[in-house]
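Report on one structure; see the data block that follows.
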Amino acid sequence: MQKTTLSSLALAFLAMHGVAHADDDLPQVIDVHGPLRVALPKIPEGGWFTSAELGAIATSGNTTGTSITGKIDARHETSKWSHEFVVSGFFKEDEYEDEDGNKERNKSAERFAASAKASYKLLGANTRAFILGSHVNDRFGAYTRYSSLSIGHGRQILSAPDKTLDVEIGPGYFAGERDTGEDENGLTVRGAAQFRWRVSPSAFFAQTISVEKGTSNTHSVAETSLSTKINSTMQMKAGFSARNDTSVTPGKKNTDTQTSLTMVYSF
């Protein structure tokens, strides 16, 4: 009896000091105070990763309207090349009554964008040379049409198990049409940065910003998003984006913003 009591006291003492031994069939307990170690998902050699997101808001009552936003992002990886193709759109329509009481529908936003990027891996995956082409049609923007082509050098300056930071810089050329119908084009210098952070095994934060500096205008785009994993293929994503032009015609604002909540399907 005394031996059993001593053994019980010893086990209790070890358990209080975190040295108790668990059975082999129990899951291993890790240090809850240790740093987060979650590797970002990688695309296999020659593989594709594609995500499609869609969000819609419909209002009725005193305010009636519909807004829809969507995006498709496809990436392809090989040992030497990385390719990315992005297509997105945003549409908003409001309903109102005219002076005679008749219901009318009016578009207040209509923007479509597409881009294609090819990156050549110079010294492994962290240093790249790239070429990027993009086009935006924005019916209600300061520029109703904006196309750009740029080349440059990119590097991943931060590579941790749970976060990465990539930067790019290089020359480019743009051609656009203002809302007044005036055409504009010229050389640019483009800089961009992208920060990715795996906040937890089920949450992902991303921040991107790009700036194109030209002789007559500086065009900037910033996007912030937080995604929460629902299952292996579905995510809920909250996003905020801002587009800014330093040179706009009278009556137009310099900055357009968009806040969205979308469902994302990855495959």
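For the range 66-89, give me each residue that is more than 16 Å from the chain's Cα centre (by Cα) and either among the hydrophobic types (A, V, I, L, M, F, W, C) or at positive phi (or both). Within the range 66-89, ILE68, TRP81 qualify. Restricting attention to the range 237-251, the residues being in contact (Cβ under 8 Å) with a residue 24 or more places away in the chain, of a type outside the set (Val, Ile, Thr) and farther than 28 Å from ALA58 by Cβ number 3.
Taken over the range 77-122, the criterion of being open to solvent by less than 80 Å² (accessible area, probe 1.4 Å), of a type in the set (Asp, Glu) and part of a strand (DSSP E or B) is satisfied by GLU77, GLU84, GLU93, ASP94, GLU95, GLU104, GLU110.
Considering only residues that are over 16 Å from SER88 (Cβ atoms), open to solvent by less than 70 Å² (accessible area, probe 1.4 Å) and of a type outside the set (D, E, K, R), look in the range 239-253 and name the one that is farthest from the chain's Cα centre (by Cα). Spell out how you get there, then give the answer.
In the first step, residues of the range 239-253 are kept if they are over 16 Å from SER88 (Cβ atoms); the result is 244-253.
Retained after the next criterion (residues that are open to solvent by less than 70 Å² (accessible area, probe 1.4 Å)): 244-245, 247-249, 252.
Checking the rest, the ones that are also of a type outside the set (D, E, K, R) come to 244, 247-249.
Details: ASN244: 17, SER247: 26, VAL248: 26, THR249: 29 Å.
The qualifying residue farthest from the chain's Cα centre (by Cα) is THR249.
Sub-7 Å Cβ pairs linking a first residue in the range 154-170 that is under 10 Å from ASN126 (Cα atoms) to a second residue that is of a type in the set (D, E, K, R), at least 6 apart or interchain, are GLY154/ARG128; GLY154/ASP166; GLY154/GLU168; GLN156/ASP166, ordered by first then second residue.
Checking the conditions here, which among ILE131, ILE169, ILE157, ILE209 is under 18 Å from the mean Cα position of the chain (by Cα) and among the hydrophobic types (A, V, I, L, M, F, W, C)?
On the way: ILE131 fails: under 18 Å from the mean Cα position of the chain (by Cα); ILE169 fails: under 18 Å from the mean Cα position of the chain (by Cα); ILE157 fails: under 18 Å from the mean Cα position of the chain (by Cα).
Selected residue: ILE209, the only one of ILE131, ILE169, ILE157, ILE209 that is under 18 Å from the mean Cα position of the chain (by Cα) and among the hydrophobic types (A, V, I, L, M, F, W, C).
Each row is one residue, and each column tells you yes or no for (1) modelled with pLDDT under 95; (2) farther than 17 Å from SER134 by Cα.
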residue	(1), (2)
GLU177	yes, no
THR180	yes, yes
PHE195	no, yes
ARG198	yes, yes
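Residues in the range 174-189 include none that are hydroxyl-bearing (Ser, Thr, Tyr), under 30 Å from LEU226 (Cα atoms) and surrounded by 15 or more Cβ atoms within 10 Å (Cβ to Cβ). Criterion applied to SER216, SER200 was being exposed (fewer than 15 other Cβ atoms within 10 Å of the Cβ), among the polar types (S, T, N, Q), under 19 Å from the mean Cα position of the chain (by Cα) and farther than 24 Å from ALA56 by Cβ, and the one residue passing it is SER200.
The values are calculated or read from the model by the stated rules, or taken from the named source; none is laboratory data. The structure displayed is predicted, hence computed values, not measured ones. Cβ atoms come from the backbone with ideal geometry, glycine included; neighbour counts cover every protein chain shown. These area figures cover heavy atoms from the full protein model, side chains too; ligands, DNA and RNA do not enter into them. Shrake-Rupley method; radii C 1.70, N 1.55, O 1.52, S 1.80 Å.
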